[in-house]
Amino acid sequence: MKFGVIVFPGSNCDHDAYHVISKHVGQPVDFIWHRDTDLSTYDAVIIPGGFSYGDYLRAGALARFSPVMTAVKEFAQSGRFVLGICNGFQILCEAGLLPGALIRNRGLHFICEHVYVRVATNDTPYTNELSSGTVLRLPIAHADGNYVCDEVTFAELKRDDRIVFNYCDKEGNITDSANPNGSRGNIAGICNAGRNVLGLMPHPERACEDLLGSSDGREVFSSLAATLAAVA
């Protein structure tokens, strides 16, 4: 199996994602420059966090027009796996690969801290080695992490079990006080209808070593690796 990490001008978590795949997952991984358009050699692509194009206009709004994103859409439509983290989640929404949008945090401030998220479903390639209801401690670092969508979309996400992670407290309770940015339904991550595209605001790649405060994020990548191995 082979992974690719897309690099936009302003990406700042690309090396974190590369490190996790190469050192913890133990699989081949390349950086993919945003002007590249050939993804044929990859089984999974990661769109990392950062501030693509300086977050001008809206976060992810310019990155969606990069040449690589046309290839990412085709890649996803072919059933291969796309993981968007933080700014990557924003880009996936702007590109129409995931519904809804990420807007300014309700407190209007940049937030950088560890939070708790609960696995809402383990029926995805990214959570199949976790149990539904498992609580993970992951860091967030964003100013535009407030997930919004209309009533129809929210109902579809719930009906189709496409809400993958919810913000919660340490005990797993989904409460407003445990919602760091005001996201609708405490949503921290969602997948597409095909379940091969996942966007999440917390950073699992920054939570793969106990030295960094948590290794809970490792299970997200091990789940994806297990899925790729099964497909192979």
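What the phi angles of the stretch 193-210 give under the Karplus curve with 6.51, -1.76 and 1.60, with θ = phi - 60°, is a coupling list of 4, x, 6, 9, 10, 10, x, 9, 7, x, 9, x, 5, 9, 9, 10, 9, 4 Hz, glycine and proline written as x. Looking at the stretch 1-71 alone, DSSP beta bridges between its own residues are antiparallel in about 10 percent of cases. Checking (i) 43, 37, 36; (ii) 50, 41, 34; (iii) 62, 44, 29 against the coordinates, the calculated Cα extents along the principal axes in Å falls under label (i).
When +1 charges are put on Lys and Arg Cβ atoms and -1 charges on Asp and Glu Cβ atoms, the dipole computed for the stretch 1-71 relative to its Cα centre reaches about 120 debye. Per residue, the convex hull around the alpha carbon atoms of the stretch 115-232 comes to 100 Å³. The stretch 191-232 and the stretch 111-167 have Cα centres separated by 12 Å.
Scaled against the 2.2 N^0.38 Å expected of a compact globular protein of N residues, the Cα radius of gyration of the stretch 70-183 reads 1.08.
Basic side chains Lys and Arg get +1 at the Cβ, acidic Asp and Glu get -1 at the Cβ, and with that the dipole of the stretch 77-150 about its Cα centre reaches some 120 debye.
Each semi-axis of the equivalent ellipsoid for the stretch 25-110 is √(5λ) with λ an eigenvalue of the Cα gyration tensor; in descending order they amount to 23, 14, 12 Å. Note on the chain: Lys pairs 8 or more places apart or on different chains, Cα atoms under 25 Å apart, count 4. Using the 1.4 Å probe convention, the accessible area of the stretch 30-89 works out to 44 Å² per residue with neighbouring protein chains retained. Across the chain, the longest piece that holds none of the chymotrypsin sites (Phe, Trp or Tyr not before Pro) lying in DSSP loops with up to 15 other C-beta atoms within 10 Å covers 111-232. Loop only per DSSP, at most 12 neighbouring Cβ atoms within 10 Å: give me the trypsin sites (Lys or Arg not before Pro) in the stretch 1-63, ordered by residue number. Loop-located and lightly packed - ARG35.
Taking amide H positions as modeled 1.01 Å from N, with prolines and chain starts lacking one, the residues under 5 Å from ALA188 and 5 or more places away or on another chain are PHE165, ASN166, TYR167.
Around the Cα centre of the stretch 43-195, unit charges on the Cβ atoms of Lys, Arg, Asp and Glu (plus for the first two, minus for the last two) sum to a dipole of about 140 debye.
Computed over the chain with a Gaussian network model linking Cα atoms closer than 10 Å, the most mobile of GLU94, GLU151, GLU209 is GLU151. Here the chain carries DSSP beta bridges of which approximately 60% are antiparallel, counting only pairs with both residues inside.
The values are calculated or read from the model by the stated rules, or taken from the named source; none is laboratory data. Quantities reported herein were computed from a predicted structural model and do not represent experimental measurements. As a convention, Cβ positions derive from the backbone with ideal geometry for all residues, glycine included, and neighbour counts pool all protein chains shown. Just so you know, the surface numbers come from the protein's heavy atoms only, side chains and all, with ligands and any DNA or RNA stripped out. Shrake-Rupley method; radii C 1.70, N 1.55, O 1.52, S 1.80 Å.
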